[in-house]
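Derivation of every value follows stated rules applied to the coordinates shown; laboratory data play no part. Every value quoted in this text rests on a predicted model; they were computed, and no experiment measured them. Don't worry about glycine lacking a Cβ; one is built from the backbone with ideal geometry, like all the others, and counts go over all protein chains shown.
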Amino acid sequence: MSALVQVRDLARDYSMGSGPVHALRGVSFDVEQGEWVAIVGPSGCGKSTLLNLLGAVDSPDAGSLTIAGERVDRLDDRAATTFRLRRIGFVFQRFYLMPALTAAENIELPMAEARIVRTERRARVQELLGYVGLAGRADHRPSQLSGGEQQRVAIARALANKPALLLADEPTGELDAATGLEMIDLFRRLNRDGTTIVVVTHDAQMAAAAARRIQMRDGAIIAEAVT
Amino acid sequence: MPFRLALLALLRHKARTMLALLGIAVSAALLLDMVMLATGMRDNFQGFLLLRGYQLRVAPKGTLPFDSDATIDSAATLVAAIARVSGVVAVSPVLGAQSQTTAHDSTVTAFTLGIDPRVQGDYELLRGADLADSVSIVANERWLALTRHRLGDTVQLAVGYDPQLRTVVGQRAFIVRGVARFFYTGTTQPTIAMRLPVLQEMGGNARRDHVSLLMVKAGDDVDVEAVRARIQAAGARVSVISLEGATAQVEQRLAYFRQLALVLGSISLGVGILLVTTLITIGVNERAGEIAVMRAIGVAKRSIVTQVVTEGLLLSGVGAFSGLLIGLVTAQWLERILADFPGMPATFRFFVFQPHDAGLALGMLGSAGVLAGIYPAWRASSLPIAGTLRREAVA
């Protein structure tokens with residue numbers, strides 16, 4: 001059985017004023033179904049670029065990327081959007097919830113886009129709010145929630161359409177230490193319940209909690225470690 | 001969801017949205033007024049001429065009714081000839097003149113109509129009696145106010161006054177029998193009416209058997225244009241003007257005015273479009289990060305475009321409805337100002353509200369709303385997701 005994520009010789013360059021920047025230089029690795037992988041490394045090593053490619057919000061200049069049997073690097077914009085909606089869950093460092101919507105509406109947003117019927121959406125929202133421990137916060141707006149609560153809502157939103165892969169970019173970066181630990185526990189529970197996770201992090205505890213760590217530097221993988 | 005997101009995006013900055021709505025409402029009001037003015041004058045003019053059902057006007061050759069002092073001679077023969085034309089059901093002769101009367105050491109000059117009370121189409125009687133005999137006159141309120149006469153008073157009227165020789169052609173005593181509202185003269189214009197033969201007689205040789213105008217009524221199921229052609233063929237020395245012809249001539253004269261209305265309306269529409277475009281573009285720029293996140297979690301470009309265009313539609317729609325009310329109020333206000341212009345007929349309306357006009361103005365603003373949303377929608381939907389998120393993170 002093939003891996004859920006297959007990354008082969010992935011390269012991505014950016015044009016800067018001083019010349020091209022090689023953000024990724026032929027990166028290759030696999031992520032198995034149900035695995036929790038942490039990508040670590042110093043700032044500017046290409047972690048976020050790799051995450052953007054895995055999430056189909058950016059396209060590689062070379063190499064191939066296959067997720068759940070689909071060649072992501074060959075998708076056009078419309079197909080990539082549908083792919084992100086159905087197969088990818090995104091968690092951002094700064095939560096990026098829609099400030100005008102309630103917690104429930106934020107979680108409902110990707111399901112509405114996927115044209116899931118209202119009754120099913122509402123039931124799923126309640127299920128997810130309960131899962132992330134925010135059952136009583138459905139009608140709160142982001143400004144009425146703490147950072148940890150906002151990140152939980154963001155995770156619930158990422159899980160709304162039952163994605164094949166959950167991508168997280170510094171999910172504890174904006175949280176205090178205690179809340180960060182709670183978030184690590186939540187990721188652990190998610191992974192235990194079958195969610196495949198790729199997380200980019202500077203947080204040593206988050207990285208240590210992952211089953212596998214990929215160390216990057218200057219756009220390339222320099223080491224891998226399995227717990 | 002796009003509708004709700006659009007609504008919430010607008011409500012996020014209430015003061016800004018309210019100010020923009022006010023601006024759009026003013027633009028919409030101006031647009032509606034211009035549309036009402038441009039089309040209303042024409043439509044009202046037709047109704048104005050048709051007040052008593054006379055579809056045709058017969059005036060001296062090459063003139064419009066009361067456009068000059070020219071008159072038609074041998075009027076009785078012409079009236080009889082026109083009355084015999086197939087399809088004609090009534091002919092109303094009208095002679096216009098100036099009359100003077102002295103009241104409390106001042107002279108009041110009045111526009112005086114000589115008419116046939118059986119077929120007249122120039123006034124409606126408000127009080128008193130109509131022109132029962134040759135000593136009767138009916139007058140409007142303005143004339144009564146200036147002369148301080150009342151119903152039943154006897155007055156001396158003179159016609160054909162020569163200011164250099166200080167002579168008059170004719171002078172007679174009349175009794176004020178009725179108070180009337182004259183359709184085609186201004187409310188500030190003192191106006192009276194008497195029987196046609198009396199005014200012709202008072203006007204001397206120059207007015208004997210003369211009329212200024214004939215109003216002709218054709219049967220309901222008759223081709224008016226065919227009747228017009230038959231009358232024109234019967235009377236080579238007159239111009240026979242149908243409603244359409246008169247409207248066309250008035251339209252020709254009002255062309256500059258309508259062009260001005262069109263330009264002002266277009267400018268107000270353009271201002272509305274720019275206002276909505278600016279506001280939504282600012283909103284899109286402020287929400288670039290949110291839009292990039294929505295795209296990242298799988299929201300399609302189509303949904304983003306729908307949301308942004310909906311914002312434009314909401315702004316222009318609510319603004320247009322508010323503008324409709326403002327436009328109606330300002331139209332009434334302007335109508336009152338214009339009605340006070342000297343010589344403006346009391347029955348003439350510049351602004352005529354028609355659902356079609358309101359629909360046209362709303363439709364134009366709705367289209368403007370969509371148009372205004374296109375640029376910011378394109379901008380929002382084409383934001384580079386990764387780059388925008390990176391910039392947001394750095395910011």
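Once the C-beta distance of residue A:185 and residue A:127 is scaled by a Förster radius of 22 Å, the resulting FRET efficiency is 0.70 to the nearest 0.05. Look at where the Cα atoms of region B:344-383 and of region B:1-77 average out, and the two centres are 15 Å apart.
For residue A:21, the residues whose modelled amide H falls within less than 5 Å of its own, excluding neighbours fewer than 5 places apart on the same chain, are A:14, A:15, A:16. At 24 Å minimum axial length over the Cα atoms and a Kyte-Doolittle cut of 0.5, report the qualifying DSSP H helices in chain B, or say none. The answer, listed by residue number, is B:14-49, B:255-286, B:301-339, B:355-381.
Ordering A:71, B:177, A:212 by the number of other Cβ atoms within 10 Å of each residue's own Cβ, fewest first, gives A:71, A:212, B:177. Pairs of Cα atoms in region B:354-394 fall into 10 Å distance bins, from 0 up to the last occupied one, in shares of 26, 26, 20, 15, 10, 2 percent. Compute the Rg to Rh ratio over region B:260-355 from the alpha carbon atoms, using the Kirkwood formula for Rh, and round to two decimal places. Computed over Cα atoms, the ratio is 1.23.
The GluC sites (Glu not before Pro) of region B:178-284 include none that meets both criteria, a DSSP state outside H, G, I, E and B (loop) and at most 15 other C-beta atoms within 10 angstrom of the site's C-beta. Sequence-distant contacts, meaning Cα pairs under 8 Å at least 6 residues apart, place the relative contact order of region A:5-226 at 30 percent.
Of the beta bridges in region A:5-226, as assigned by DSSP with both residues counted there, near 60 percent are antiparallel. Kirkwood radius, region B:1-140, all distinct C-alpha pairs, inverse of mean reciprocal distance: 20.8 Å. The calculated FRET efficiency for residue A:22 paired with residue B:391, based on their beta-carbon distance and R0 = 35 Å, is about 0.95. As an equivalent ellipsoid, region B:202-256 spans semi-axes of 25, 19, 10 angstrom, where each value is the square root of five times an eigenvalue of the C-alpha gyration tensor, largest first.
Please report the base-10 log of the normalised intensity I(q)/I(0) for region B:52-115, using a Debye sum with one equal scatterer per alpha carbon and no solvent, at each q in 0.14, 0.16, 0.17, 0.18 (1/Å). Cα-only, vacuum Debye calculation for region B:52-115: -0.54, -0.66, -0.72, -0.78. Shown is the FRET efficiency for residue B:18 and residue A:15, computed with R0 = 41 Å from the Cβ-Cβ distance and rounded to the nearest 0.05: 0.40. In the protein assembly as shown, the ratio of gyration radius to Kirkwood radius, Rg to Rh, stands at 1.33 when only Cα atoms are counted. Between the alpha-carbon centres of region A:1-68 and region B:245-271 there is a gap of 64 Å. Taking other C-beta atoms within 10 Å as the exposure proxy, A:83, A:187 rank A:83, A:187 from fewest upward. Evaluated over the Cα positions of chain B, the convex hull gives a direction-averaged projected area, one quarter of its surface, of 26.7 nm².
Its Cα gyration tensor gives region A:169-214 an equivalent ellipsoid; the semi-axes, largest first and in whole Å, are 16, 12, 8.
For region B:89-214, give me the percentage of DSSP beta bridges that are antiparallel, rounded to the nearest 5 percent. Around 75 percent antiparallel, to the nearest 5. Principal-axis analysis of the Cα atoms of chain A puts helix A:118-131 at an angle of about 80° to the longest axis. Radius of gyration over Kirkwood radius for region A:1-107, both on Cα atoms: the Rg/Rh ratio is 1.00. Spacing of the modelled spin labels on residue A:222 and residue B:226, each 7 Å from Cα toward Cβ, amounts to 10.2 nm. Gap in Å between the Cα centre of region B:163-194 and the Cα centre of region A:118-165? Taking the Cα centre of region B:163-194 as reference, the centre of region A:118-165 is 86 Å away. In summary, the convex hull built on the alpha carbon positions of chain A has an orientation-averaged projected area of 12.8 nm².
What angle, in degrees between 0 and 90 and rounded to the nearest 10, separates the Cα long axis of helix A:77-87 from the longest principal axis of the Cα atoms of chain A? It is inclined by approximately 60 degrees.
The ratio of the alpha-carbon radius of gyration of region A:95-226 to the globular-protein estimate 2.2 N^0.38 Å is 1.10. For chain A, with a Gaussian network of springs between Cα atoms less than 10 Å apart, report the residue from A:20, A:110, A:163 with the top mean-square fluctuation. Checking each option, the largest mean-square fluctuation is seen for A:20. In whole angstrom, region B:89-214 maps to an equivalent ellipsoid with semi-axes of 20, 19, 12, each derived as √(5λ) from the alpha carbon gyration tensor and ordered largest first. By the count of neighbouring beta-carbon atoms within 10 Å, fewest first, B:88, A:153 end up ordered B:88, A:153. Under 5 Å between amide hydrogens, built in the peptide plane, is the criterion, and for residue A:166 it picks out A:89, A:196, A:197, A:198 among residues at least 5 positions away or on other chains.
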